[in-house]
Amino acid sequence: MKRKHKRLTFVMIGLLLLGSSAALILTAFEDNIVFFYSPTELVDKKPDPAQRLRIGGLVMAGSVEKLAGAVVAFTITDTAKTVTVQYKGILPDLFREGQGVVAEGHLKGGVFQADEVLAKHDENYMPPEVAEALKQSGQWKPKETTQ
Amino acid sequence: MTAELGHFALILALFMSILQSTVPLVGAQRRHCSWIALAQPTAILQFLLVALAFGCLVHVYLISDFSVVNVVSNSHTDKPLIYKISGVWGNHEGSLLLWVLILSMFGAAVAVFGGNLPPTLKARVLAVQAMVAVGFYLFMLFTSNPFERIFPPPLNGQGLNPLLQDPGLAFHPPMLYLGYVGFSMAFSFAIAALIEGRVDAAWARWVRPWTLAAWCFLTAGIALGSWWAYYELGWGGWWFWDPVENASFMPWLAGTALLHSATVAEKRDTLKGWTVLLAIITFSLSLLGTFLVRSGVLTSVHAFATDPTRGVFILVLLIIVIGGSLALYAWRGPQLTSTGLFQPVSREGALLFNNLVMTTAAAAVLLGTLYPLLLDALGGGKVSVGAPFFNAVFIPLMIPMIVAMAIGPFLHWKRSDVTPALLRLRLAFGAALLTGLLAFIAHQDGPVLGAIALALGVWLALGAVTELASRIRLFQIPLGDALRRVTRLPRASWGMTLGHLGLAVSIIGMAGAGAWTVESIQVMKPGDRVMISGYEFTFDGAKDSTGPNYSVVAGNFTVRRNGEHVTNLAAEKRIYAVSKQPTTEAAIHTTLAGDLYAVIGDPEGANGAYVTRLYFNPLVVWMWIGTLIMVFGGAISLTDRRHRVGAPKRSRADAAVQGA
């Protein structure tokens, strides 16, 4: 092979890799991106049960309830609308009533079936999505994010 | 007083690094010997000053001086000693101080041990190293001073986040930083080479050990982090594709590519411009990692800072460093001509393939990590990109690379043929195929990918062993002679063999734990039994007790297999006294075949029942054994004589400077 051909070979291999990874990324994006909803958006838009979503808000005080078979139910609110969440398993250590929380799963028959619940950082911390959702509903209290 | 002394030392270090970043650079350009010579003492002094500052911060932590804000928000008098020390870097300000300490330590190491470097190159390397340091000093002194006082001092501190009070995590950040910051050496050498306009084998030989050392630390740091997540977070997982994990994984991917391309640059005098670019990219990704973690733009347990001025400052720093170095590359890069010819089927061809895949993978991870930020900034709504995306992109990229990885070491430099390599690997191929088929048959309901990954792990492991065997000509010459050849193998080639073997072992662990984990969540009363993968877990009830700064509820399990007692597990839930924050301590019984893993949740009713979560994680321990082998291989390779005596004398221009 001539030098020019060799270079062409490498360029082709490189392009092939780039092309296939771009294709991989695009298909993966289409199937695997999870959109974030606030309780208000969830109630208004009523997304398809097949669609995987993330929701976030504050856990309503006194709403945590234990159901049979290690299932926990609680209500998430952005203080405008509320959504009931059900989750099977052990809630994260930082999960508390009145605190910000993010849940991932599907909306089925008005109840959000979560397979993942995230509550992060210390008690003063608010997940940014939750802060945003609260801001939109006009219930934002900036004091809650100070460290 | 100590805090003021530390603060003062930090300011002096800033001035020292300003001196170090300018005078030697100008000196190297104008060939002023005394200006060039200034690089060495300033680098050493800068290190001593930062070390003093760091020592001061450790001291105020040890004596629990609550007039210092940093100590108040991260420490407490009744915290065990080790966590008082690890508390120093368990926060934003302290971790930055550790960052610059390591940065200046690497600089001082070049100053002290770089005796056989050409003086101009050494001066330029140290100057570039100091420029990065200047940025970080300014950042610390203006936005994140660790020595800030508070008045009146409170009686006690707020304590360290209990999740971080753990031996695994105490050493995770220093390891990770040694890796991140270690890549600054490759970066400084790359920038210095661009200024000099020359990259040669000696340059590559200097860059390799630094990159290798950084790579070892980063590998160990990532493994430590994933191990911590595995036993501390109580989800039985070990990798979540969390943005912060990605932040450390991207420099690892780029650094691995750099390690391989530096070999080509050294041995074949080609791929030089690419190696320099990779060095810039690797360190840029390290900086980006620091930015992502520290700026608080991402949701994560690691995000310390939520102050927007800090984020803006780091962003500007990032733009200057990355933009500046890439601009310099665009300007000076074309001068770096390569002499070596290139055949697609050759050792260097295989190494280039590794480079292409690794950088593509790093780019894909980068895209997935930043996409939510970009979309949000452009007003496209809130999304999250999680594990499904990364698995869907990353795994298909890795499969061809691992297939090629076993073949590559058999190829010769310059020009080679695949057929003899494939013939030698027929045994490995057969074994891999058989393993994959057996795994597929045994787990027909599980994911096919598990069987494929297991087969790839076996293929790569046997490939590495076969390569070693053919190198010592095992079974071709008398056994005694072959064994004698083992002792005479260059240590760098041991590094390669062990590195590949380690990855193979890790892949086997990932395949097992990723594909065939069995999980069971239920409410258990004392005496209840649950069967998982042939193991019978009996819940014996929960007991209360107290630890040094927390109270504990421990759920006890007895595990039996075929009626025989295997182990007792005590899964804990701890409540820390200061923050009232609970943490979950999983009980883990590790065997080579798999881990038994138990977690307890909240009590359920009055009859002593608890929510429990039980797992069997097959082969998971091999993942960490594999990373240990990789790090060990890197360390062996570092001791290779070729790295130490390495840098041969250069001729031409430098000789003139030395004489001047």
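The values are calculated or read from the model by the stated rules, or taken from the named source; none is laboratory data. Here the structure is a predicted model, which is why all the values come from computation and not from measurement. Cβ coordinates were reconstructed from backbone atoms using ideal geometry, including for glycine residues, and neighbour counts include every protein chain displayed.
Residue B:193 satisfies every condition listed in (1) surrounded by 24 or more Cβ atoms within 10 Å (Cβ to Cβ); (2) within 19 Å of the chain's Cα centre (by Cα); (3) of a type outside the set (Asp, Glu) except (2). Note on the range B:519-535: residues that are within 17 Å of residue B:570 (Cβ to Cβ) and acidic (Asp, Glu) total 1. I want to confirm something. Restricting to the range B:344-365 and keeping residues that are more than 9 Å from chain A (Cβ to nearest Cβ) and β-branched (Val, Ile, Thr), which single residue is farthest from residue B:248 (Cα to Cα)? Among those residues, the one meeting the criterion is B:345. Residues in the range A:86-112 that are closer than 12 Å to residue A:37 by Cα and aliphatic (A, V, I, L, M): A:102, A:103, A:107.
Based on what the data block shows, is residue B:321 more than 20 Å from the chain's Cα centre (by Cα), at pLDDT 85 or above, under 24 Å from residue B:496 (Cα atoms) and assigned to a helix (DSSP H, G or I)? Break it down into steps so the answer makes sense when it comes.
Values: more than 20 Å from the chain's Cα centre (by Cα): yes; at pLDDT 85 or above: yes; under 24 Å from residue B:496 (Cα atoms): no; assigned to a helix (DSSP H, G or I): yes.
It is false that residue B:321 is more than 20 Å from the chain's Cα centre (by Cα), at pLDDT 85 or above, under 24 Å from residue B:496 (Cα atoms) and assigned to a helix (DSSP H, G or I).
Each residue in the range B:388-426 was checked for being at the interface with chain A (Cβ under 8 Å from one of its Cβ atoms) and of a type in the set (Val, Ile, Thr), and 1 pass.
Just one of the listed residues (A:62, A:138) is part of a loop (DSSP other than H, G, I, E, B), at pLDDT 85 or above and not charged (D, E, K, R), and it is A:62.
If you filter the range B:562-612 down to residues that are of a type in the set (A, V, I, L, M) and at the interface with chain A (Cβ under 9 Å from one of its Cβ atoms), you find that the one that is farthest from residue B:509 (Cα to Cα) is B:611. Of the residues A:78, A:48, the single one that is more than 10 Å from chain B (Cβ to nearest Cβ), modelled with pLDDT under 85 and surrounded by 12 or more Cβ atoms within 10 Å (Cβ to Cβ) is A:78. Only a single item in (1) within 14 Å of another protein chain (Cβ to nearest Cβ); (2) within 27 Å of residue B:508 (Cβ to Cβ) is not met by residue B:385, and it is number (2). Whether any residue in the range A:4-24 is more than 30 Å from residue B:270 (Cα to Cα) and either out of contact with any His (no Cβ under 6 Å at 6 or more places or on another chain) or hydroxyl-bearing (Ser, Thr, Tyr) (or both) is what I want to check. Taking every residue of the range A:4-24 in turn, at least one turns out to be more than 30 Å from residue B:270 (Cα to Cα) and either out of contact with any His (no Cβ under 6 Å at 6 or more places or on another chain) or hydroxyl-bearing (Ser, Thr, Tyr) (or both).
Entry remark, the range A:1-45: residues being in contact (Cβ under 8 Å) with a residue 24 or more places away in the chain and at the interface with chain B (Cβ under 7 Å from one of its Cβ atoms) number 2 in total.
Residues of the range B:597-615 that are under 27 Å from the mean Cα position of the chain (by Cα) and either modelled with pLDDT of 95 or more or surrounded by fewer than 19 Cβ atoms within 10 Å (Cβ to Cβ) (or both): none at all.
Remark: pairs (first residue in the range B:574-595, aromatic (Phe, Trp, Tyr); second residue modelled with pLDDT under 90; Cβ separation under 8 Å; 6+ apart in sequence or on different chains) = B:576/B:159; B:576/B:162; B:576/B:165; B:576/B:549; B:576/B:550; B:576/B:582; B:576/B:583.
Of all the listed residues (B:368, B:446, B:450, B:436), the sole one being out of contact with any Pro (no Cβ under 8 Å at 6 or more places or on another chain), part of a helix (DSSP H, G or I) and over 28 Å from residue B:243 (Cβ atoms) is B:436.
Each row is one residue, and each column tells you yes or no for (1) aliphatic (A, V, I, L, M); (2) buried (at least 16 other Cβ atoms within 10 Å of the Cβ).
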position: A:19; (1), (2): no, no
position: A:25; (1), (2): yes, yes
position: A:36; (1), (2): no, yes
position: A:39; (1), (2): no, yes
position: A:44; (1), (2): no, no
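The set of residues in the range B:416-429 being touching a residue at least 40 places away in the same chain (Cβ under 8 Å), surrounded by fewer than 15 Cβ atoms within 10 Å (Cβ to Cβ) and not β-branched (Val, Ile, Thr) consists of B:417 alone. Among helices (runs of 4 or more DSSP H) entirely within the range B:1-103, having at least 2 residues that are within 16 Å of residue B:158 (Cα to Cα) and either away from every other protein chain (no Cβ under 14 Å) or among the β-branched types (Val, Ile, Thr) (or both) singles out B:39-62, B:69-74, B:81-86. I'd like the residue in the range B:144-171 that is away from chain A (no Cβ under 14 Å) and not in a loop (DSSP other than H, G, I, E, B) and, out of all such residues, is farthest from residue B:551 (Cα to Cα). Once the filter is applied, the top-ranked residue is B:149. For residue A:83, the test of being modelled with pLDDT under 85 and touching a Pro at 6+ places or on another chain (Cβ under 9 Å) is failed. Scanning the range B:402-438 for residues that are modelled with pLDDT of 90 or more and touching an Asp or Glu at 6+ places or on another chain (Cβ under 7 Å) gives B:409, B:410. Is it the case that residue A:26 is closer than 17 Å to residue B:383 by Cα and modelled with pLDDT of 85 or more? For residue A:26, the condition - closer than 17 Å to residue B:383 by Cα and modelled with pLDDT of 85 or more - is not met.
If the condition is being without any contact (Cβ under 8 Å) to a residue 24 or more places away in the chain, among the small types (Gly, Ala, Ser) and under 23 Å from residue B:255 (Cα atoms), then the range B:355-391 contributes only B:363. Checked across the range A:88-105, the condition of being in a loop (DSSP other than H, G, I, E, B), modelled with pLDDT of 85 or more and more than 9 Å from every other protein chain (Cβ to nearest Cβ) holds for no residue.
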